[in-house]
Structure formats: C-alpha cells, structure tokens
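Report on the following structure.
Laboratory data are not the source of any read-out in this text; all were calculated from the coordinates shown. All of these numbers come straight from a predicted model, not from anything done at the bench. Cβ sites come from the backbone with ideal geometry, for glycine too, and all protein chains shown count toward neighbours.
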Amino acid sequence: MIRVTIALLTIALSGCAGMVESTKSAGKSLESSIIDMMTYSSEDESAPPRALEEITNEVILSEVWQRKVIGGQGDRFLKLEMVLSDGKMFIADRKGQVIALDQQTGETLWEVETELPISGGLEVGYENLFFATTDADVVALKLNDGETSWTAQVSSEVLSVPRFSEGLLVVRSIDGAISTMDAATGEEQWSYIRDVPALSLRGTSSPVVKSGGVISGYANGKLVVLRLKDGLQIWETSVAVPRGRGALSRMVDVDSDPLAGERFIYAATFNGGVAAVDIRSGEISWRRSEMSSYKKMIADWVSIFVVDVKNHVWSADQSNGEINWEQDQLEHRQLTPLTKTGDYLLTGDYEGYLHVLSASDGHLMGRLKISDSAITAAPLIDDGLIYVQNIDGEIMALRLDAPTAADIEN
C-alpha cells in the first residue's frame with residue numbers, strides 16, 4: 001500500500017453542502033445560515049422561492065409507475081444517488097436499506113437490510129454495488145442478490161459517492177483523504193491524505209476519474225489531480241481564492257463534483273464561480289465569477305450547464321466561458337442538479353415539481369407536479385424513461401414526449 005501525505009497550513013472552511021460540523025469557535029449565526037441554505041425548506045424569508053409562472057407546456061410528461069420503496073433522508077443532506085445497471089435500479093437509504101428494482105416495472109428484485117448508516121453512494125462495478133457509511137465503512141454487495149462481497153474501512157466517514165474505474169474503487173472521506181482499493185477484494189492500494197480545518201461543513205465533492213487520473217476539489221479552492229494507479233500528484237491549482245472578511249463570503253469550497261471534458265476540467269466553487277482548467281497543465285483557461293455553485297454540473301459537446309447558489313440555471317460555452325443564456329424563473333426553488341436528454345434539461349424542486357427546460361435557450365418547456373415532497377437527486381434517464389426520487393424515498397418513473405398534432409389541437 002502506498003500512502004501519500006500533504007499537510008495544508010490553512011484555516012479555510014471545508015467540504016460542503018449540508019449541515020455544519022461546528023466547533024466552539026463556530027458562531028450560531030454562521031451555522032444557521034449554512035443549514036438554511038443547504039436544507040430542503042422554504043421557510044427562509046430572506047430568500048423566498050420564486051412563485052411559478054404560468055407556462056405553455058411544449059412537452060408531455062406522463063407517469064409510468066410510482067413506488068415508495070425506502071425510508072427518506074429526512075432533513076439530512078446526503079449524497080445517496082440512485083444508480084442504473086443492466087435493466088436494474090439500485091437505491092439505498094440512510095438507515096441501511098438497499099433495494100434492487102426492475103427499471104421498467106418497479107418490481108422489487110431483492111432487498112437487504114444492512115443496518116448500516118449509509119451516507120455515500122451508490123456506484124456499480126465488477127458485478128458489485130458499492131456504498132460508504134458515516135462509520136467509515138466501505139461495502140460491496142453482489143449485484144445479483146445483495147449478498148456482501150467485502151467490507152473495508154477508510155479514515156473517516158464518507159459523504160460522497162465512491163467511484164469505480166479500471167478495477168479500483170476511489171473513496172473520498174470528510175477528513176480530506178482519498179483511499180483507493182481493489183474493487184474485487186477491498187484491499188487498499190494507496191491513500192492520499194490532506195489535513196482539513198477544525199471548522200468545516202459536513203460533506204465533500206465526489207472524486208472524478210478521467211483518463212487514468214483522479215480529480216478532486218477541496219474547501220480552500222484547490223483542485224488536485226492524482227495518478228489513479230499509485231496516487232502520485234500530477235498537479236494542483238487554485239480555482240478560487242477566499243475574499244472578503246466574513247466567514248460566508250470567504251467560502252470557496254469546491255463542493256460540486258468536478259466535470260472532466262477532453263480539454264478542460266470544470267470546477268465550480270461556492271463563492272468563486274466556475275473555472276475551466278487545462279486538463280494537462282492545471283492552468284486556468286477561463287473563469288465566470290457569476291456562476292458560483294455547489295451542485296453537480298453537466299455538459300454536452302459544446303456547452304456546460306450550471307445551477308448556481310441562487311438556483312439560476314446557466315449555459316456557457318465550454319471553450320471560452322461565454323454565456324449562452326441564464327434562466328432565473330426558478331430562483332431559490334432548491335433545484336436538483338440537471339440532467340440532459342436530447343435538447344431538454346430536467347431538474348426537480350422542493351415542492352415536488354419536475355421542470356423541463358430547453359437546452360438551446362433555457363426557456364421553460366413544461367412541468368409536472370409528481371410529488372408532495374422535495375425532489376432531492378438529479379433525475380436519471382435510461383431506455384426512454386426518467387427516474388426521479390423524492391426526500392421521502394418514493395421513486396417515480398416517467399416518460400417525456402413531444403406533443404402530437406392532436407395534442408396541440410386539443
């Protein structure tokens with residue numbers, strides 16, 4: 001096993017989107033501000049959600065099936081993502097329930113009560129389903145029946161999604177460490193360690209693996225690329241610098257998962273906007289300060305799409321950062337990260353609406369209220385169906401269609 005260590009002499013706010021892990025030096029006002037901003041609630045009168053305006057539906061959203069299959073995440077902000085593989089959907093809750101469903105029908109294929117405090121996942125690889133816990137466990141279950149393949153320990157609790165690539169599982173824990181283990185056995189291969197400050201926000205961005213490199217963002221605005229096979233640091237760069245005097249204004253957490261393209265890595269920070277970093281050298285190519293975000297970004301061949309801290313939706317040119325459009329009609333509606341299908345962008349909100357936007361110009365093309373509870377995760381799309389999960393553990397499968405001539409006439 002190889003162990004790579006870097007000590008950071010900094011007092012920055014670490015990690016991200018979720019509840020505050022406070023110390024004696026953390027004031028109540030800071031803690032309250034972060035909790036209000038990151039949790040699914042509409043009670044913050046300082047930034048009320050924008051009321052929905054009447055729109056003309058240019059698309060048809062229809063429900064295929066709906067089921068409540070797991071417990072909800074409550075008021076905890078956890079990165080528990082659904083994952084799809086070979087016609088199956090895998091989901092988990094914070095109390096340890098893991099379920100496999102048939103994607104087309106919603107029928108339960110298997111169910112396991114692990115009794116573990118699951119906090120990060122899910123990921124698929126090597127015929128296994130991977131997740132991590134607040135007790136610093138990393139667990140692999142067999143995809144076909146949910147039996148445990150192996151269990152391993154990392155340095156601290158995990159609030160991000162493990163990533164599988166080239167036979168390895170990469171896990172980022174809240175103490176800043178990145179651990180890489182054999183995906184078949186759980187045996188640790190190498191670890192990369194960074195010190196984190198005493199005052200931190202609970203949570204981290206998930207690592208991204210691209211072309212043999214592990215990409216990870218940190219709370220001090222740093223972006224790091226490590227070699228997947230041995231953890232050697234390839235480069236490190238600052239994508240944002242803390243500014244201002246207040247603790248909130250100085251937050252530059254790289255909490256959004258980095259987005260890796262062919263030429264650039266795109267990193268979004270809490271107060272520092274979005275930066276495009278040359279994937280080979282680590283040099284900044286362009287930066288847009290108005291698109292600060294802590295949510296996962298997406299891209300197509302020419303544009304990146306961002307939900308910012310005010311829940312404005314942006315499209316920018318990948319090559320130079322030029323703004324294509326901005327959509328502000330969903331301001332403060334606590335949107336999920338975006339998903340793209342064709343020329344459509346999908347996002348859910350805190351009232352249970354699923355919204356459809358045009359990827360070309362950002363205008364709202366349709367919406368459907370599919371739940372009485374907040375939609376918390378980015379929609380998934382596979383084989384013509386859209387899968388949505390709400391905060392209470394309900395799963396909805398929907399179909400998106402363009403209207404026919406008869407629909408338009410009616």
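Averaged over residues, the count of other Cβ atoms within 10 Å places the peptides 171-179, 92-100 in the sequence 171-179, 92-100, highest first. Taken one residue at a time, the phi angles of segment 308-319 give Karplus couplings (6.51, -1.76, 1.60, θ = phi - 60°) of 8, 5, 9, 6, 7, 9, 10, 10, 9, 5, 4, 6 Hz. Gly and Pro are set to x. Inter-label distance, residue 326 to residue 227: 4.3 nm, where each label sits 7 Å from its Cα along the C-beta direction.
Near residue 326: Cβ cut-off under 13 Å, other residues only, Lys/Arg at +1 and Asp/Glu at -1. The net charge is -4.
In this structure the amide hydrogen of residue 235, modeled in the peptide plane, comes within under 5 Å of the amide hydrogens of 225, none closer than 5 places in sequence on its chain. Stretching the chain fully between residue 60 and residue 278 yields a gain of 74.5 nm (0.36 nm per residue, less the alpha carbon separation). Placing a pseudo-label 7 Å from each Cα along the Cα-to-Cβ vector at residue 372 and residue 107 gives an inter-label distance of 3.0 nm. Would you compute the Debye intensity of segment 122-243 from its alpha-carbon atoms alone, equal scatterers and no solvent, and pass along log10 I(q)/I(0) at q = 0.09, 0.13, 0.22 Å⁻¹ to two decimals? Those come out to -0.24, -0.49, -1.27, one per q.
Of the listed pairs 79/210; 88/340; 95/340, which have alpha-carbon separations greater than 29 Å here?
Values: 79/210 21 Å; 88/340 21 Å; 95/340 31 Å.
In this structure, 95/340 lie more than 29 Å apart at Cα.
If only the Cβ of Lys and Arg carry +1 and only the Cβ of Asp and Glu carry -1, the dipole of segment 332-375 around its Cα centre is close to 20 debye. With R₀ fixed at 45 Å, the C-beta to C-beta distance from residue 343 to residue 142 puts the FRET efficiency at about 0.70.
Computed over neighbours whose Cβ is under 15 Å from that of residue 397, the net charge equals -3, Lys and Arg +1, Asp and Glu -1. Each other residue within a Cβ distance under 11 Å of residue 206 adds +1 if Lys or Arg and -1 if Asp or Glu, for a net charge of 0.
3J(HN,Hα) along segment 127-134: 6, 10, 10, 10, 8, 9, 10, 6 Hz, from the Karplus curve 6.51 cos²θ - 1.76 cosθ + 1.60 with θ = phi - 60°, whole Hz, x for Gly and Pro. Which of rounded, prolate, oblate describes segment 346-402, given a ≥ b ≥ c as roots of the alpha-carbon gyration tensor eigenvalues and a/c under 1.5 marking rounded, otherwise prolate only if a/b is larger than b/c? Verdict is oblate for segment 346-402. Residue-wise HN-Hα couplings along segment 160-167, as the Karplus relation 6.51 cos²θ - 1.76 cosθ + 1.60 with θ = phi - 60° gives them from phi, are 9, 8, x, 10, 9, 6, 6, x Hz; Gly and Pro carry x.
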